[in-house]
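Structure first, then comments.
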Amino acid sequence: MEAQAVDSSQRSDEERARRGGTPDALPSAGELRGRPRKSLTIGAVCKLLKDEFTDISISKIRYLEDQKLLSPRRTQGGYRLYSPADVSRLRTILRLQRDAFLPLRVIRQELAAGRSEEETSGSGAATEQRAGLRTSVLEHAPKTFPLDQLLEYTGVDERLVRELEEFGVIKGRVSEGTRHYDDLEREIVGVVGELTRYGVAPRNLRVFRTSADREAALLEQILAPALRSRNRQRRNEAIDALESLAAVVSHLKHLLLVRDLRDLV
(Lines give C-alpha, C1' and ligand atoms only; values in the text may rest on other atoms or scores of the structure.)
Protein backbone atom coordinates (compact mmCIF):
# COMPACT_ATOMS: atom_id res chain seq x y z
CA MET A 1 0.00 0.00 0.00
CA GLU A 2 2.87 2.37 0.83
CA ALA A 3 4.46 1.69 -2.57
CA GLN A 4 1.17 2.42 -4.33
CA ALA A 5 0.84 5.73 -2.50
CA VAL A 6 4.41 6.70 -3.44
CA ASP A 7 3.77 5.78 -7.10
CA SER A 8 0.59 7.86 -7.09
CA SER A 9 2.43 10.84 -5.62
CA GLN A 10 5.18 10.43 -8.21
CA ARG A 11 2.62 10.44 -11.06
CA SER A 12 1.10 13.61 -9.65
CA ASP A 13 4.52 15.25 -9.63
CA GLU A 14 5.07 14.23 -13.23
CA GLU A 15 1.67 15.56 -14.27
CA ARG A 16 2.45 18.91 -12.63
CA ALA A 17 5.78 18.98 -14.43
CA ARG A 18 4.07 18.39 -17.81
CA ARG A 19 1.72 21.28 -17.08
CA GLY A 20 4.72 23.53 -16.62
CA GLY A 21 5.17 23.28 -12.85
CA THR A 22 8.05 21.74 -10.93
CA PRO A 23 7.39 19.73 -7.78
CA ASP A 24 10.40 21.13 -5.96
CA ALA A 25 10.40 24.65 -7.32
CA LEU A 26 12.02 27.28 -5.18
CA PRO A 27 9.95 29.90 -3.34
CA SER A 28 9.85 33.46 -4.61
CA ALA A 29 12.37 36.03 -3.41
CA GLY A 30 9.78 37.50 -1.06
CA GLU A 31 9.08 34.11 0.49
CA LEU A 32 12.79 33.42 0.89
CA ARG A 33 13.29 36.63 2.84
CA GLY A 34 10.66 35.57 5.39
CA ARG A 35 12.08 32.15 6.24
CA PRO A 36 14.88 31.05 8.61
CA ARG A 37 18.29 30.95 6.93
CA LYS A 38 18.65 27.20 7.25
CA SER A 39 15.19 26.17 6.10
CA LEU A 40 15.36 23.95 3.03
CA THR A 41 13.00 23.21 0.18
CA ILE A 42 11.94 19.62 -0.36
CA GLY A 43 14.30 19.36 -3.32
CA ALA A 44 17.23 20.60 -1.25
CA VAL A 45 16.42 18.11 1.53
CA CYS A 46 16.32 15.28 -1.01
CA LYS A 47 19.73 16.30 -2.35
CA LEU A 48 21.16 16.65 1.17
CA LEU A 49 20.18 13.10 2.16
CA LYS A 50 20.89 11.41 -1.17
CA ASP A 51 24.34 10.14 -0.22
CA GLU A 52 23.09 8.29 2.86
CA PHE A 53 19.70 7.24 1.45
CA THR A 54 20.12 6.46 -2.23
CA ASP A 55 16.41 5.68 -2.71
CA ILE A 56 15.20 8.99 -1.27
CA SER A 57 12.84 10.93 -3.52
CA ILE A 58 10.54 13.92 -3.35
CA SER A 59 7.50 11.67 -3.61
CA LYS A 60 8.72 9.52 -0.71
CA ILE A 61 9.17 12.57 1.52
CA ARG A 62 5.68 13.73 0.58
CA TYR A 63 4.27 10.32 1.39
CA LEU A 64 5.83 10.46 4.88
CA GLU A 65 4.18 13.84 5.29
CA ASP A 66 0.82 12.37 4.21
CA GLN A 67 1.28 9.72 6.90
CA LYS A 68 1.64 12.51 9.53
CA LEU A 69 5.27 11.64 10.24
CA LEU A 70 6.51 15.01 8.99
CA SER A 71 4.96 18.46 9.27
CA PRO A 72 7.12 21.00 7.42
CA ARG A 73 6.21 24.65 7.50
CA ARG A 74 4.65 26.08 4.36
CA THR A 75 4.95 29.48 2.76
CA GLN A 76 1.93 31.46 1.61
CA GLY A 77 2.58 30.04 -1.84
CA GLY A 78 2.34 26.48 -0.53
CA TYR A 79 6.04 25.57 -0.70
CA ARG A 80 7.36 23.20 1.97
CA LEU A 81 10.20 24.52 4.11
CA TYR A 82 12.10 22.05 6.28
CA SER A 83 13.82 23.29 9.43
CA PRO A 84 16.93 21.55 10.84
CA ALA A 85 14.66 19.75 13.30
CA ASP A 86 12.48 18.51 10.41
CA VAL A 87 15.53 17.20 8.56
CA SER A 88 16.76 15.44 11.71
CA ARG A 89 13.35 13.82 12.17
CA LEU A 90 13.30 12.68 8.53
CA ARG A 91 16.78 11.17 8.89
CA THR A 92 15.61 9.24 11.96
CA ILE A 93 12.59 7.88 10.09
CA LEU A 94 14.66 6.76 7.12
CA ARG A 95 17.23 5.04 9.34
CA LEU A 96 14.54 3.18 11.26
CA GLN A 97 13.06 2.01 7.97
CA ARG A 98 16.39 0.95 6.49
CA ASP A 99 18.28 -0.42 9.49
CA ALA A 100 15.53 -1.73 11.77
CA PHE A 101 12.97 -2.63 9.07
CA LEU A 102 10.24 -0.99 11.15
CA PRO A 103 6.80 -0.25 9.66
CA LEU A 104 5.57 3.32 9.75
CA ARG A 105 3.11 2.54 12.54
CA VAL A 106 5.97 1.46 14.83
CA ILE A 107 8.19 4.34 13.69
CA ARG A 108 5.44 6.76 14.67
CA GLN A 109 5.44 5.24 18.16
CA GLU A 110 9.24 5.43 18.36
CA LEU A 111 9.16 9.12 17.48
CA ALA A 112 6.42 9.77 20.02
CA ALA A 113 8.60 8.10 22.65
CA GLY A 114 11.44 10.52 21.87
CA ARG A 115 13.60 8.47 19.49
CA SER A 116 16.17 10.86 18.04
CA GLU A 117 18.69 11.00 15.22
CA GLU A 118 21.60 10.43 17.63
CA GLU A 119 20.06 7.15 18.81
CA THR A 120 19.95 5.79 15.25
CA SER A 121 23.37 7.01 14.11
CA GLY A 122 25.41 3.93 15.00
CA SER A 123 26.38 1.34 17.59
CA GLY A 124 26.14 1.95 21.30
CA ALA A 125 22.97 3.96 20.93
CA ALA A 126 21.49 2.85 24.24
CA THR A 127 24.67 3.75 26.12
CA GLU A 128 24.79 7.15 24.45
CA GLN A 129 21.15 7.72 25.31
CA ARG A 130 21.75 7.02 28.99
CA ALA A 131 24.83 9.26 28.98
CA GLY A 132 22.84 12.05 27.34
CA LEU A 133 20.11 11.76 29.97
CA ARG A 134 22.61 11.94 32.80
CA THR A 135 24.22 14.99 31.24
CA SER A 136 20.84 16.70 31.02
CA VAL A 137 20.21 16.00 34.73
CA LEU A 138 23.63 16.98 36.05
CA GLU A 139 24.46 19.82 33.69
CA HIS A 140 24.78 23.02 35.69
CA ALA A 141 25.89 25.12 32.69
CA PRO A 142 23.93 23.80 29.70
CA LYS A 143 24.44 25.13 26.21
CA THR A 144 22.36 28.20 25.50
CA PHE A 145 21.08 29.67 22.26
CA PRO A 146 19.96 33.21 21.43
CA LEU A 147 16.47 33.74 20.09
CA ASP A 148 17.50 33.90 16.44
CA GLN A 149 19.25 30.52 16.64
CA LEU A 150 16.25 29.03 18.45
CA LEU A 151 13.93 30.21 15.69
CA GLU A 152 16.30 28.98 13.00
CA TYR A 153 16.58 25.49 14.49
CA THR A 154 12.88 24.93 15.25
CA GLY A 155 11.28 26.79 12.36
CA VAL A 156 8.69 28.46 14.63
CA ASP A 157 7.91 32.17 14.76
CA GLU A 158 8.87 34.55 17.54
CA ARG A 159 5.28 35.04 18.68
CA LEU A 160 5.01 31.37 19.64
CA VAL A 161 8.16 31.61 21.77
CA ARG A 162 6.80 34.67 23.57
CA GLU A 163 3.51 32.90 24.27
CA LEU A 164 5.32 29.86 25.65
CA GLU A 165 7.18 32.13 28.05
CA GLU A 166 3.94 33.86 29.01
CA PHE A 167 2.32 30.54 29.94
CA GLY A 168 5.39 29.26 31.78
CA VAL A 169 6.23 26.44 29.38
CA ILE A 170 9.74 27.84 28.88
CA LYS A 171 11.60 30.52 30.79
CA GLY A 172 14.60 31.90 28.92
CA ARG A 173 17.34 33.95 30.54
CA VAL A 174 18.83 37.32 29.73
CA SER A 175 22.59 37.32 29.27
CA GLU A 176 24.53 40.37 28.10
CA GLY A 177 21.34 42.04 27.01
CA THR A 178 20.18 39.09 24.87
CA ARG A 179 17.60 36.47 25.76
CA HIS A 180 18.95 32.91 25.67
CA TYR A 181 17.33 29.46 25.90
CA ASP A 182 18.98 26.21 26.94
CA ASP A 183 19.08 22.99 24.95
CA LEU A 184 16.05 21.49 26.69
CA GLU A 185 13.96 24.58 26.03
CA ARG A 186 15.03 24.46 22.40
CA GLU A 187 13.70 20.90 22.12
CA ILE A 188 10.50 21.87 23.95
CA VAL A 189 9.87 24.65 21.45
CA GLY A 190 10.43 22.21 18.57
CA VAL A 191 7.89 19.76 19.99
CA VAL A 192 5.37 22.53 20.62
CA GLY A 193 5.88 23.65 17.03
CA GLU A 194 4.63 20.25 15.91
CA LEU A 195 1.61 20.46 18.21
CA THR A 196 0.61 23.87 16.87
CA ARG A 197 0.26 22.35 13.40
CA TYR A 198 -2.61 20.33 14.84
CA GLY A 199 -4.26 23.41 16.30
CA VAL A 200 -2.89 23.15 19.85
CA ALA A 201 -2.39 26.64 21.30
CA PRO A 202 0.26 27.52 23.92
CA ARG A 203 -2.45 28.18 26.52
CA ASN A 204 -3.50 24.53 26.17
CA LEU A 205 -0.06 23.41 27.32
CA ARG A 206 -0.47 24.54 30.92
CA VAL A 207 -1.85 21.11 31.73
CA PHE A 208 1.49 19.59 30.69
CA ARG A 209 3.40 22.15 32.74
CA THR A 210 1.26 21.43 35.80
CA SER A 211 1.62 17.68 35.34
CA ALA A 212 5.40 17.94 35.02
CA ASP A 213 5.61 20.06 38.17
CA ARG A 214 3.62 17.53 40.15
CA GLU A 215 5.68 14.59 38.90
CA ALA A 216 8.93 16.38 39.69
CA ALA A 217 7.64 17.13 43.19
CA LEU A 218 6.78 13.45 43.69
CA LEU A 219 10.23 12.29 42.61
CA GLU A 220 11.83 14.94 44.81
CA GLN A 221 9.81 13.68 47.78
CA ILE A 222 11.05 10.14 47.14
CA LEU A 223 14.73 10.92 46.54
CA ALA A 224 15.44 14.32 48.10
CA PRO A 225 17.44 13.04 51.13
CA ALA A 226 19.73 10.93 48.96
CA LEU A 227 20.15 13.64 46.31
CA ARG A 228 21.29 16.08 49.00
CA SER A 229 23.64 13.59 50.62
CA ARG A 230 27.29 14.55 51.04
CA ASN A 231 28.22 10.96 50.32
CA ARG A 232 29.17 10.95 46.63
CA GLN A 233 28.30 7.30 46.08
CA ARG A 234 24.88 7.68 47.65
CA ARG A 235 24.20 10.80 45.60
CA ASN A 236 25.25 9.10 42.35
CA GLU A 237 22.98 6.17 43.15
CA ALA A 238 20.14 8.61 43.75
CA ILE A 239 20.77 10.26 40.38
CA ASP A 240 20.62 6.84 38.68
CA ALA A 241 17.37 6.14 40.50
CA LEU A 242 16.01 9.54 39.49
CA GLU A 243 16.68 8.86 35.82
CA SER A 244 15.12 5.40 36.07
CA LEU A 245 12.05 6.73 37.85
CA ALA A 246 11.67 9.49 35.28
CA ALA A 247 11.68 6.90 32.49
CA VAL A 248 9.15 4.72 34.32
CA VAL A 249 6.85 7.68 34.98
CA SER A 250 7.07 8.74 31.34
CA HIS A 251 6.22 5.23 30.16
CA LEU A 252 3.30 5.01 32.58
CA LYS A 253 1.90 8.30 31.29
CA HIS A 254 2.17 7.02 27.73
CA LEU A 255 0.32 3.81 28.60
CA LEU A 256 -2.46 5.68 30.41
CA LEU A 257 -2.83 8.03 27.46
CA VAL A 258 -3.03 5.16 24.97
CA ARG A 259 -5.62 3.43 27.15
CA ASP A 260 -7.84 6.51 27.14
CA LEU A 261 -7.34 7.15 23.44
CA ARG A 262 -8.49 3.64 22.59
CA ASP A 263 -11.95 4.71 23.70
CA LEU A 264 -11.96 7.26 20.88
CA VAL A 265 -11.44 4.81 18.03
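The values are calculated or read from the model by the stated rules, or taken from the named source; none is laboratory data. Everything numeric here is computed off the predicted structure, so don't read it as measured data. All Cβ positions, even for glycine, are placed from backbone atoms using ideal geometry, and neighbour counts span all protein chains on display.
For residue 130, are the conditions met, namely being surrounded by 11 or more Cβ atoms within 10 Å (Cβ to Cβ), at pLDDT below 90, of a type in the set (Lys, Arg) and farther than 23 Å from residue 48 by Cβ? Lay out the reasoning, then the answer.
On the way: surrounded by 11 or more Cβ atoms within 10 Å (Cβ to Cβ): yes; at pLDDT below 90: yes; of a type in the set (Lys, Arg): yes; farther than 23 Å from residue 48 by Cβ: yes.
So residue 130 passes the test.
Given the criterion among the polar types (S, T, N, Q), out of contact with any helix residue (DSSP H, G or I) (no Cβ under 7 Å at 6 or more places or on another chain) and at pLDDT 90 or above, identify the matching residue among 41, 22, 92.
Working: 22 fails: at pLDDT 90 or above; 92 fails: out of contact with any helix residue (DSSP H, G or I) (no Cβ under 7 Å at 6 or more places or on another chain).
Only one candidate passes the filter, namely 41.
Name the residues in segment 162-184 that are free of Cβ contacts under 8 Å to residues at least 40 places away in the same chain and not small (Gly, Ala, Ser), would you?
Keep residues of segment 162-184 that are free of Cβ contacts under 8 Å to residues at least 40 places away in the same chain, which gives 162, 165-166, 170-181.
The answer is 162, 165, 166, 170, 171, 173, 174, 176, 178, 179, 180, 181.
When you scan segment 73-111, how many residues do you find that are within 24 Å of residue 51 (Cβ to Cβ), touching a Gly at 6+ places or on another chain (Cβ under 8 Å) and of a type in the set (D, E, K, R)?
1
Within segment 153-258, considering only helices (runs of 4 or more DSSP H) that don't extend past its boundaries, which have at least 1 residues that are under 21 Å from residue 86 (Cβ atoms) and out of contact with any strand residue (DSSP E or B) (no Cβ under 8 Å at 6 or more places or on another chain)? Quick ask: steps written out before the conclusion?
Details: elements: 158-166, 183-196, 206-227.
The helices (runs of 4 or more DSSP H) meeting that bar are 158-166, 183-196.
Give 48, 94, 90, 102 a once-over and let me know the one that is farther than 23 Å from residue 196 by Cβ, of a type outside the set (S, T, N, Q), free of Cβ contacts under 8 Å to residues at least 60 places away in the same chain and touching a strand residue (DSSP E or B) at 6+ places or on another chain (Cβ under 8 Å). First the steps, then the outcome.
On the way: 94 fails: touching a strand residue (DSSP E or B) at 6+ places or on another chain (Cβ under 8 Å); 90 fails: farther than 23 Å from residue 196 by Cβ; 102 fails: touching a strand residue (DSSP E or B) at 6+ places or on another chain (Cβ under 8 Å).
Going through 48, 94, 90, 102 in turn, just one is farther than 23 Å from residue 196 by Cβ, of a type outside the set (S, T, N, Q), free of Cβ contacts under 8 Å to residues at least 60 places away in the same chain and touching a strand residue (DSSP E or B) at 6+ places or on another chain (Cβ under 8 Å): 48.
If I ask for residues that are among the β-branched types (Val, Ile, Thr) and either surrounded by 19 or more Cβ atoms within 10 Å (Cβ to Cβ) or part of a helix (DSSP H, G or I) (or both), which ones from segment 72-106 would you list?
The answer is 87, 92, 93, 106.
Could you check segment 175-216 and list, in sequence order, the residues that are among the acidic types (Asp, Glu) and either in the same structural domain as residue 70 (by TED's automatic domain parsing) or surrounded by fewer than 14 Cβ atoms within 10 Å (Cβ to Cβ) (or both)?
Within segment 175-216, the first condition is being among the acidic types (Asp, Glu), and the residues that meet it are 176, 182-183, 185, 187, 194, 213, 215.
Passing the criteria: 176, 213.
Of all residues in segment 168-184, how many are closer than 9 Å to residue 144 by Cβ and of a type in the set (D, E, K, R)? Steps first, answer last, please.
If we filter segment 168-184 for residues that are closer than 9 Å to residue 144 by Cβ, which is where we start, we get 173, 175, 180-183.
Next cut, of a type in the set (D, E, K, R) only: 173, 182-183.
The qualifying residues number 3.
How about segment 216-259: which of its residues are under 16 Å from residue 114 (Cβ atoms), out of contact with any helix residue (DSSP H, G or I) (no Cβ under 6 Å at 6 or more places or on another chain) and not basic (Lys, Arg)?
Within segment 216-259, 244, 246, 247, 248, 250, 251, 252, 254, 255, 257, 258 meet the criteria.
Determine whether segment 63-72 contains at least one residue that is over 19 Å from residue 99 (Cβ atoms) and touching a Lys or Arg at 6+ places or on another chain (Cβ under 6 Å).
Within segment 63-72, one or more residues are over 19 Å from residue 99 (Cβ atoms) and touching a Lys or Arg at 6+ places or on another chain (Cβ under 6 Å).
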